[in-house]
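Worksheet: the structure to be examined is printed underneath.
The values are calculated or read from the model by the stated rules, or taken from the named source; none is laboratory data. This structure is a prediction, so every number in the text was calculated from the model and none was measured. Virtual Cβ from ideal backbone geometry, glycine too; neighbours counted across all protein chains shown. The accessibility values were calculated without ligands, DNA or RNA, using every heavy atom of the protein model including side chains. Shrake-Rupley method; radii C 1.70, N 1.55, O 1.52, S 1.80 Å.
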Amino acid sequence: MSEKNIYLPYLMKVEKITQEAPGVKTFKLKFVNDEDSSSFNFAAGQFGEYSVFGVGESTFCIASSPTRKGFIECTFRQVGKVTSALATCEEGSIIGFRGPYGNTFPIDQWKGKNLYI
């Protein structure tokens, strides 16, 4: 079995849209391919590239917990071309996701400390 091409996006179905504030939405995204869902892992602090096919892609953190499997969430503000296209998506729409990328938060080093984020 070959490794996944990191340049090809996972196909994600917009399962739920939550309007957080004017111009701010959270998408709950489920993997279209069950095999992708079962093999996907990420750590707190990582991000991805979210794409609307034919428009482009934008970078956002993965907003959901890595302990909750089978889906990811992203929260974005409508400010540009790609985020405006994302904002027109409806539940059931298919978008792309590449990732996870980036470093993780050093959670073990933060235990017992006062943090403000």
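Tabulated values for the structure
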| item | result |
| --- | --- |
| Model label zone, residue 36; criterion: amide N under 11 Å from point 7 Å along Cα-to-beta-carbon; scope the stretch 72-109 | 94-99 |
| Carbon + sulfur, % of accessible area of the chain - ligands and nucleic acids excluded, 1.4 Å | 51 |
| Of 4/30; 69/113; 25/111; 16/81, those spanning more than 24 Å from alpha-carbon to alpha-carbon | 69/113; 25/111 |
| Nitroxide proxy distance, nm - points 7 Å out along Cα→Cβ at residue 114 and residue 93 | 4.3 |
| Average accessible surface area per residue within the chain, 1.4 Å rolling probe, Å² | 65 |
| Spin-label model distance (nm) - residue 13 vs residue 79, 7 Å beyond Cα toward Cβ | 3.2 |
| Among (1) 1.10; (2) 1.72; (3) 1.15, the entry derived from the coordinates for Cα Rg over 2.2 N^0.38 Å | (1) |
| Within a Gaussian network of the chain (alpha carbon springs, distance under 10 Å), most fluctuating of 99, 70, 54 | 54 |
